[in-house]
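Here the structure comes first, spelled out in structure tokens, and everything after it is commentary.
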Amino acid sequence: MTSTLASGRAARRQTMRRIRPRRNPAVPLLLGLWAGAAGVLWLWWQNTPSVADRTGQVLGAGRITGLLAGYLMALVVLQMARVPALERRVGSDRVARWHAMTGRYTLCLVIAHVFLITWGYALQAGRDLGYLVQQFVSLVTELPDVGKAGIGTGLLLFIGLVSIGGIRRRLPYDAWYHIHVLMYVAVFLTFWHQIAAGHEFAVEPLAKTFWYGLYGTVTALVLWYRVVTPIRLNVRHRMRVEAVIEETPGIVSVLIGGRKLHRMGAEAGHFFRWRFLAPGMRFSSHPYSLSAAPRPGMLRITVKAIGDHSSRLRELEPGTKVWAEGPYGALTAARRSRGKVLLVAGGVGITPMRALFETLPGASGDLTLLYRANSTQDLALWDELAAIADERGARLMYAVNSPDGARPDISAESLRRKVPDIERHDVFLCGPPGFAQSVYEALRGAGVPARRIHHESFEM
């Protein structure tokens, strides 16, 4: 049995407008980030006396690393705030990469700040590097709010440790996710010593006002988009599980009912973070894409059992309450800039591609879907895809392993053979990171400009 849904003509009509792609705000945002960093450097320069001697140089370096660490720490939290301009315009996976990169820089600056400030105070007291431990203890116990900052720094180090690729891959997703939430506590603990002990904030009242404004704005955004917005969404729409249907071995679709779901602002290509209020699942929140366009009373996700949470979805009972956060993601029709579109899906990456295949407007022959799977038995939702292709005059192709296990050829040459005018297409791509990277390189080799390759990783 499959969970075939009614035609998506209504959803398609919503996107039947002249192609007018939204501008990605990534470049202006990055320019703003660098402008803020330049402002922090200027603040340090304006309030830094001569650093001719060694002690002044070390303390000056400690102050600038502390200021930059404080600035980047606010950005790390902002990137966790689920602000729609970031999540739906820049893309959740790109924001996640920014968050990881900014977090690494922040941690390095924090370590440098602690070492340099401690060393600088040791030099000021006429001691050498061997006195660092005693000097650090003295700073933590004597300066205002530095003890809290020490605890916050310890939390940052712990979060950084568990975020290392090899360690993170060994942790259950839920454990890593909840540990990561400790970032809020770490930032709160380290903030106060910046104001109390920071030289720039003591001599420059305007700087203190700016710092309060920066952290206050970020805090307000986190509270609004991580707390208030999800509460409003779930109270308004009251979602629940309607049915769980096995599509292929190991892949299930969950049909989710509720009130006026088509008014959630969700589009084909979006995903939500889903929490199912069933025993053993209440404290687990995982991202899954919509596998069909939103209907007035129905949403659908299609999930492959690859972990504890996804494996338990088949056990959900009808009527189970659902808590969702979203919609997120930028892999929507708004990214389209050309009339012809190629959709490329790998594995369970078919879910957002299936929704787009259903809803993207286009004349007969304008849409092509290439579906990569290990075998024909793994081609989830194939009957639906075939029906959509037949109704819309679209092309549907699959690439599976040969009987001896050999992988199909998805190279620049094979893509040009399959889609001769591929360089005139927009390409939407979703799948595991390794697959997505290899297909991206093949597409570039086939002549598709990078600006017309729209991709999003479902592993976040």
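Taken over the range 160-182, the criterion of being modelled with pLDDT of 85 or more and touching a Gly at 6+ places or on another chain (Cβ under 8 Å) is satisfied by 160, 163. Only one entry in 426, 383, 421, 409 is acidic (Asp, Glu) and in contact with a helix residue (DSSP H, G or I) (Cβ under 9 Å, 6 or more places away or on another chain), namely 426.
Note on the range 131-146: residues that are surrounded by 15 or more Cβ atoms within 10 Å (Cβ to Cβ) and assigned to a helix (DSSP H, G or I) total 8. Residues considered: 197, 220, 175, 268. Of these, the only one that is under 24 Å from residue 87 (Cα atoms) and surrounded by 14 or more Cβ atoms within 10 Å (Cβ to Cβ) is 268.
Counting only residues that are of a type in the set (Lys, Arg) and open to solvent by 30 Å² or more (accessible area, probe 1.4 Å), the range 271-307 holds 4 of them.
Of everything in the range 394-417 that is more than 29 Å from the chain's Cα centre (by Cα) and in a strand (DSSP E or B), the residue that is farthest from residue 367 (Cα to Cα) is 397. Scanning the range 323-331 turns up no residue that is in contact with a strand residue (DSSP E or B) (Cβ under 8 Å, 6 or more places away or on another chain), open to solvent by 10 Å² or more (accessible area, probe 1.4 Å) and within 16 Å of residue 424 (Cβ to Cβ). Residue 315 falls short of the stated requirement of being among the charged types (D, E, K, R) and open to solvent by less than 30 Å² (accessible area, probe 1.4 Å). Per this entry, residue 128 is not counted among residues that are acidic (Asp, Glu), surrounded by 15 or more Cβ atoms within 10 Å (Cβ to Cβ) and either within 30 Å of residue 451 (Cα to Cα) or in contact with a helix residue (DSSP H, G or I) (Cβ under 8 Å, 6 or more places away or on another chain) (or both).
Candidates 42, 34, 119: the one that is out of contact with any His (no Cβ under 7 Å at 6 or more places or on another chain), buried (at least 20 other Cβ atoms within 10 Å of the Cβ) and modelled with pLDDT of 85 or more is 119. Total residues in the range 352-367 satisfying the condition of being in contact with a helix residue (DSSP H, G or I) (Cβ under 8 Å, 6 or more places away or on another chain), open to solvent by less than 10 Å² (accessible area, probe 1.4 Å) and within 23 Å of residue 417 (Cβ to Cβ): the figure is 2. Within the range 141-154, the presence of at least one residue that is hydroxyl-bearing (Ser, Thr, Tyr) and either farther than 23 Å from residue 189 by Cα or in contact (Cβ under 8 Å) with a residue 12 or more places away in the chain (or both) is confirmed.
Condition check ((1) charged (D, E, K, R); (2) under 28 Å from the mean Cα position of the chain (by Cα)) across all residues:
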{"site": "145", "(1), (2)": "yes, no"}
{"site": "194", "(1), (2)": "no, no"}
{"site": "208", "(1), (2)": "yes, no"}
{"site": "220", "(1), (2)": "no, yes"}
{"site": "235", "(1), (2)": "no, yes"}
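Checked against the criteria, residue 83 does not count as β-branched (Val, Ile, Thr), modelled with pLDDT under 90 and buried (at least 16 other Cβ atoms within 10 Å of the Cβ). In the range 167-175, the count of residues that are part of a helix (DSSP H, G or I) and in contact (Cβ under 8 Å) with a residue 40 or more places away in the chain is one or more.
Of the candidates 297, 269, 307, 265, the single residue that is over 18 Å from residue 252 (Cα atoms) and either aromatic (Phe, Trp, Tyr) or more than 19 Å from the chain's Cα centre (by Cα) (or both) is 297.
The residue list 337, 310 contains one member that is touching a Pro at 6+ places or on another chain (Cβ under 6 Å), of a type in the set (S, T, N, Q) and either surrounded by fewer than 20 Cβ atoms within 10 Å (Cβ to Cβ) or assigned to a loop (DSSP other than H, G, I, E, B) (or both), which is 337. Summed over the range 237-262, the residues that are under 24 Å from the mean Cα position of the chain (by Cα), of a type in the set (S, T, N, Q) and surrounded by fewer than 19 Cβ atoms within 10 Å (Cβ to Cβ) give a count of 0.
Of the residues 406, 399, 380, the single one that is hydrophobic (A, V, I, L, M, F, W, C), surrounded by fewer than 24 Cβ atoms within 10 Å (Cβ to Cβ) and more than 23 Å from residue 452 (Cα to Cα) is 406. Hey, can you tell me all the residues within the range 420-460 that are more than 30 Å from residue 306 (Cβ to Cβ) and either open to solvent by 60 Å² or more (accessible area, probe 1.4 Å) or touching a residue at least 60 places away in the same chain (Cβ under 8 Å) (or both)? Once the filter is applied, which keeps residues that are more than 30 Å from residue 306 (Cβ to Cβ) and either open to solvent by 60 Å² or more (accessible area, probe 1.4 Å) or touching a residue at least 60 places away in the same chain (Cβ under 8 Å) (or both), the range 420-460 yields 420, 421, 422, 423, 424, 425, 451, 452.
Being in contact with a Gly (Cβ under 7 Å, 6 or more places away or on another chain) and either at pLDDT 85 or above or open to solvent by less than 60 Å² (accessible area, probe 1.4 Å) (or both) is true of residue 71.
Taking first residues from the range 32-47 that are touching a residue at least 60 places away in the same chain (Cβ under 8 Å) and partners that are open to solvent by 20 Å² or more (accessible area, probe 1.4 Å) and part of a helix (DSSP H, G or I), the Cβ contacts under 6 Å between residues at least 6 apart in sequence or on separate chains come to 44/64; 47/203.
The values are calculated or read from the model by the stated rules, or taken from the named source; none is laboratory data. Predicted, not measured: the structure shown is a model, and the values here were computed from it. Every residue, glycine among them, receives a Cβ derived from its backbone with ideal geometry; neighbour counts consider all protein chains shown. Heavy atoms of the whole protein, side chains included, go into the accessibility calculation; ligands, DNA and RNA do not. Shrake-Rupley method; radii C 1.70, N 1.55, O 1.52, S 1.80 Å.
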